Amino acid sequence: MAADFSRPGSLYGAVDLGARKQALEAQARREAEGPGATPDVIEATSATFNSDVVERSMSVPVIVEATVPRAEQVQQFSYTLEKLAAEAAGAWLLARVDVEANPDLAQALRMRAIPTVYLAFQGQLMPLFEGPLPEAQLRQALAQVFEQLGVELAEAAPEQEEGGEAERVDPDLLAADEAMDKGDLDAAAAAYERLRAKSPDDEAAKIGLAGVGLLRRTQDLDAADVMRRATADPADVDVHIQAADLETLDGKVDDAFDRLVALVRRTNGADRDKARRHLLSLFDALPAEDPSVSKARRNLANALF
């Protein structure tokens, strides 16, 4: 079986709506829980699949995510699955299989797409769905599965505002999410602009608009050609800016930031200011507290002064 794990022509490859922020929060949670805590995710391999998944499923349902963790287009979905597993508090377990590192297991699972999600229950493995789902659809799909199994799940506690009412998601943010999922950049940008008009400091609007701009700038670029030209000509400011955009889109934000800081160091005048301003615009594609942004800001200050 030859599975295609290349980046699809969708928006899942972009830095979007706090996906990176969720990853940082998940990492911080694991570190705070310490080594003795129950893991949210079981990292199953070809050697451990029977014990980690099949045997465990005799006592508790196991959701198996067969994926390529390094692939940017599936990371948001993986973070959402982790969140739902944590909310389940042991009612079901999440096992993740890196099919790139375990190709024999991918073949045994008869995968056609990443991610593919399976249910292991009482020693039996069955496919559930292929491809990343938005959170609302994922919740619904899992709820239906566990309802059929007779597994009762505790409802997630709603986030509370100071007034005590559950926090509501802004409809413009929902509209932007749906437009991004469909690849409609104009509709997404319009929804983010409406959100920003209501809340100028809204971080989701800032990240979303930066992501739309990034996608627009890169959608017609030949990535291989851009990177080749950037390697061949250290003085071509425009091609290095394009290369930084492509690196950011692929999640290589540290490489993109380092590239632009280096460009600031070796240029002057209008070229230097162009590189500086573009670097600042890329910061908007990530949460303000992202460690990569903090590091790049320090490096930029050193390069300028």
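The values are calculated or read from the model by the stated rules, or taken from the named source; none is laboratory data. These figures come from a predicted structure and were not determined experimentally. Virtual Cβ from ideal backbone geometry, glycine too; neighbours counted across all protein chains shown.
Picking from Ala230, Ala204, Ala262, Ala244, which residue would you name as being at pLDDT below 90 and under 24 Å from Lys295 (Cα atoms)?
So the residue among Ala230, Ala204, Ala262, Ala244 that is at pLDDT below 90 and under 24 Å from Lys295 (Cα atoms) is Ala204.
Determine whether the range 144-151 contains at least one residue that is at negative phi and outside any helix (DSSP H, G or I).
yes
Quick one: which residue in Asp273, Asp250 is free of Cβ contacts under 8 Å to residues at least 12 places away in the same chain and not small (Gly, Ala, Ser)?
Asp273
What is the residue count in the range 27-63 for residues that are closer than 24 Å to Leu142 by Cα and modelled with pLDDT of 50 or more?
23
Do you know which of the residues in the range 249-276 that are of a type in the set (Lys, Arg) and under 18 Å from Thr218 (Cβ atoms) is surrounded by the fewest Cβ atoms within 10 Å (Cβ to Cβ)?
The extreme case among them is Lys252.
Filter the range 45-71 down to the residues that are part of a loop (DSSP other than H, G, I, E, B), under 19 Å from Trp92 (Cβ atoms) and touching a residue at least 40 places away in the same chain (Cβ under 8 Å) and list them by number.
Result: Pro61, single match.
Would you mind stating whether Glu82 is among the charged types (D, E, K, R), within 11 Å of Val41 (Cβ to Cβ), in the same structural domain as Leu133 (by TED's automatic domain parsing) and outside any helix (DSSP H, G or I)?
no
Leu304 - would you say it is loosely packed, with under 14 Cβ neighbours inside 10 Å and in contact (Cβ under 8 Å) with a residue 40 or more places away in the chain?
So Leu304 fits the description; yes.
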